[in-house]
Amino acid sequence: MTLAVGLILLVVVFPIVVLLLHGVLKEANAIVPSVAKIRDAARAGSKDLDAVPLLLTTQRQVKETVENVAAYGGSLDVILDDA
Amino acid sequence: MGAVILIVAVVLIVLALVYYLVSVIVALQKIATGLDETITAVGEIIEKTAPVAPVVDDINANLDAAVSALEGLLVKKAGMADAVGLVDGLYPGAAKAGFRDFPDSATTKAPRISTVYTRGTLTLARLGREAPIAAASPNGPALRNAVAGSLAARGLYFGERPGRSPVIGTNAPVQYEASDADPSTV
């Protein structure tokens, strides 16, 4: 009886256990490079956004430009005849 | 004999479990580390993009105000039809959308100004009374009334209008404004 159980474990159970665990390990290892790519992409995206504070400069310049355009518009309104 | 085989089988299974499970644990640790770094980077992205929306909204609001003011000025100075034609000449297809603050501008039939004049000429024709196009057009009527449209400019000259633009500035031979002119009116 003990011999039969031992043989079953050795011939049937052991290969199945090894096969299943190998599959799990293979899939887990396959995730690692994908996570690394996502991490690199996120880092690159974060680095690209370092220029976002320049929007504040753009905002200020747009406001100043609009003010200048308004001043020119006021002058044109005086200089040009109405239709 | 049977006990030995049983023990060997159990030991092999346990060893296989240990090897593969430890390997899986190592791989999961790498994944967890990578995800932690990813989450950190994503957090930075969220933090950096947080002020973008209000800043862009403010920029758009300023630009909208400028566009409305300039469109209003253009309509006031050029008239609705010419204004629509001029804008459509500069930006083909814009006449269909019309002006923002003038709902009837979308239905205004725009003159095909751009089929006759280039963009630069259009701009000069509308903004500068000294534009050559204001004087005459060899292919038909001028965009502006050659006489009435340049009355103000003609007022700058004492006699006949010269063939070139007048010399302006502090060293100009003819000063067109009195030295005590109110600068606030310029």
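Just for helices (runs of 4 or more DSSP H) wholly inside region B:1-99: which have at least 2 residues that are closer than 24 Å to A:LYS26 by Cα?
Helices (runs of 4 or more DSSP H) meeting the threshold: B:2-49.
Would you pick out the residues in region B:92-118 that are under 24 Å from A:GLY74 (Cα atoms) and without any contact (Cβ under 8 Å) to a residue 24 or more places away in the chain?
Within region B:92-118, B:GLY98, B:PRO103 meet the criteria.
List, please: which pairs have Cβ atoms under 6 Å, are six or more places apart or on different chains, and start with a residue in region A:7-20 that is within 7 Å of another protein chain (Cβ to nearest Cβ) and end with one that is in a helix (DSSP H, G or I)?
Hits for this filter: A:LEU9/B:ALA9; A:LEU10/B:ALA9; A:PHE14/B:LEU12; A:PHE14/B:ILE13; A:VAL17/B:ILE13; A:VAL17/B:ALA16; A:VAL18/B:ALA16.
Just a yes or no: is a residue in region A:25-44 part of a helix (DSSP H, G or I), within 30 Å of B:GLU37 (Cα to Cα) and among the hydroxyl-bearing types (Ser, Thr, Tyr)?
For region A:25-44, residues part of a helix (DSSP H, G or I), within 30 Å of B:GLU37 (Cα to Cα) and among the hydroxyl-bearing types (Ser, Thr, Tyr): present.
Regarding B:THR33, is this residue within 8 Å of another protein chain (Cβ to nearest Cβ), in contact with a helix residue (DSSP H, G or I) (Cβ under 9 Å, 6 or more places away or on another chain), of a type in the set (Ser, Thr, Tyr) and surrounded by 13 or more Cβ atoms within 10 Å (Cβ to Cβ)?
Judged against the criteria, B:THR33 is not a match.
Each row is one residue, and each column tells you yes or no for (1) more than 7 Å from chain B (Cβ to nearest Cβ); (2) touching a strand residue (DSSP E or B) at 6+ places or on another chain (Cβ under 6 Å); (3) not hydrophobic (A, V, I, L, M, F, W, C).
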| site | (1), (2), (3) |
| --- | --- |
| A:LYS37 | yes, no, yes |
| A:ALA41 | yes, no, no |
| A:LEU55 | no, no, no |
| A:ALA71 | yes, no, no |
| A:LEU76 | no, no, no |
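Across region B:57-81, what is the total count of residues that are facing another protein chain (nearest Cβ under 7 Å) and more than 13 Å from B:ASP101 (Cβ to Cβ)?
Here the count works out to 7.
Bear in mind these aren't lab numbers, they're just calculated from the coordinates by the rules spelled out. The structure presented is a predicted model; accordingly, all values stated were derived computationally and were not measured. FYI the Cβ positions are ideal-geometry reconstructions off the backbone, even for glycines, and counts take in every protein chain you see.
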